[in-house]
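Report on one structure; see the data block that follows.
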Amino acid sequence: MFNSQRHEEILKILAEKRSITVEELSRSLKVSSSTIRRDLEEMEGKGLLRRTHGGAIRERKERARGMKIFLDTASIEEIKKATDWGLIDGVTTNPSSIAKEGKDLEALIKEIATIMDGPICVEPVATEAGKIISEAEELAKLYKNIIVKIPITLEGLKAVKILSKGGIKTGVTLIFSSSQALLAAKAGATYCFPFAGRLDDIGQEGMDMVKDIVQVYKNYGFGTEVIVASIRSPLQVQKAALSGVGGVTIPFDVFERLIKHPLTDEGMEKFLSDWKKIPK
Ligand code: E4P
């Protein structure tokens, strides 16, 4: 397990237990006490926890990690443009977006990995736990920061639990209720992807579900991060940010529209034309 994976695990344990000893961590993560002590020192330096005599406790400031913005696409062209703007933290794909590109999955993921170094979320297509796990392990070999995105089914959750324990980062996808999100967190998922837009499409308020999930996770200190998916508009991004989620995954066109405001354009035009009036 890499250092960063161990740190994620330690944060997850602390989210559930609030405090932990070096011995307990060393047993559950199967590394020496001195490795754990080094981890805790490093994590304390980043403000992620506070060391105590013989262990660590959760640091209240741990939420100051910022809101993640993933780009929801498998298009190389879009990923290149957005990466160039320097504002995206990672990429989410799904079988539909991969199919749209008409390229081999492995080659596509490797190409994305040459453009940006954040997490790349990819979905296995197997539906039985054992097969999901084998597919996930193969996907995880493609790039150092793969998030295996698994649809919420009982088999999927079994796989999430085993993969998370083995140090492979997971996201539970196709979430449409806070009870599903609760199970994803119990299984140890790194991320939970509630589909806000698809609920809006059928006349339900997607952001209500998102707010409920945020509250449930807060009530019990779950370490799973909520990344709002199926986003259709900048307004949904604003609402997601207000609800305190860990992040959003947005299509390229919404990303472009996030920066736009007619009053900004009007203001810019006026500044520039006034500037031209100054005698040179
Ligand atoms: C992201 O992880 C999902 O695959 C995606 O947001 C689904 O969005 P859609 O409802 O627009 O297809």
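The values are calculated or read from the model by the stated rules, or taken from the named source; none is laboratory data. The model shown is predicted, which means the values in this text are computed figures rather than measured ones. Heads up, the Cβs are rebuilt from the backbone with ideal geometry, glycines too, and the neighbour counts pull from every protein chain shown. Surface accessibility is based on the protein's heavy atoms, side chains included, excluding ligands, DNA and RNA. Shrake-Rupley method; radii C 1.70, N 1.55, O 1.52, S 1.80 Å.
Below is a table of values for the structure above.
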quantity	calculated
Contacts under 8 angstrom Cβ, first residue in the range 8-36 being closer than 18 Å to residue 221 by Cα and surrounded by 15 or more Cβ atoms within 10 Å (Cβ to Cβ), partner among the aromatic types (Phe, Trp, Tyr) and modelled with pLDDT of 85 or more, 6 or more apart	15/222; 16/220; 16/222
Residues being within 20 Å of residue 167 (Cβ to Cβ) and of a type in the set (Phe, Trp, Tyr) - total across the range 179-193	1
Looking only at the range 89-117, and only at residues there that are closer than 30 Å to residue 49 by Cα and open to solvent by 30 Å² or more (accessible area, probe 1.4 Å), the one that is farthest from the ligand (Cβ to nearest atom)	117
Residue list for the range 121-172, restricted to those being loosely packed, with under 15 Cβ neighbours inside 10 Å, out of contact with any strand residue (DSSP E or B) (no Cβ under 9 Å at 6 or more places or on another chain) and of a type outside the set (Asp, Glu)	125, 130, 131, 134, 141, 144, 154, 165, 166
Any chance residue 236 is open to solvent by less than 30 Å² (accessible area, probe 1.4 Å), farther than 18 Å from residue 171 by Cβ and in the same structural domain as residue 183 (by TED's automatic domain parsing)	yes
Odd one out for residue 195, checked against (1) within 15 Å of the ligand (Cβ to nearest atom); (2) buried (at least 21 other Cβ atoms within 10 Å of the Cβ)	(2)
Conditions (1) polar (S, T, N, Q); (2) within 16 Å of the ligand (Cβ to nearest atom); (3) out of contact with any Leu (no Cβ under 8 Å at 6 or more places or on another chain): number failed by residue 3	(2)
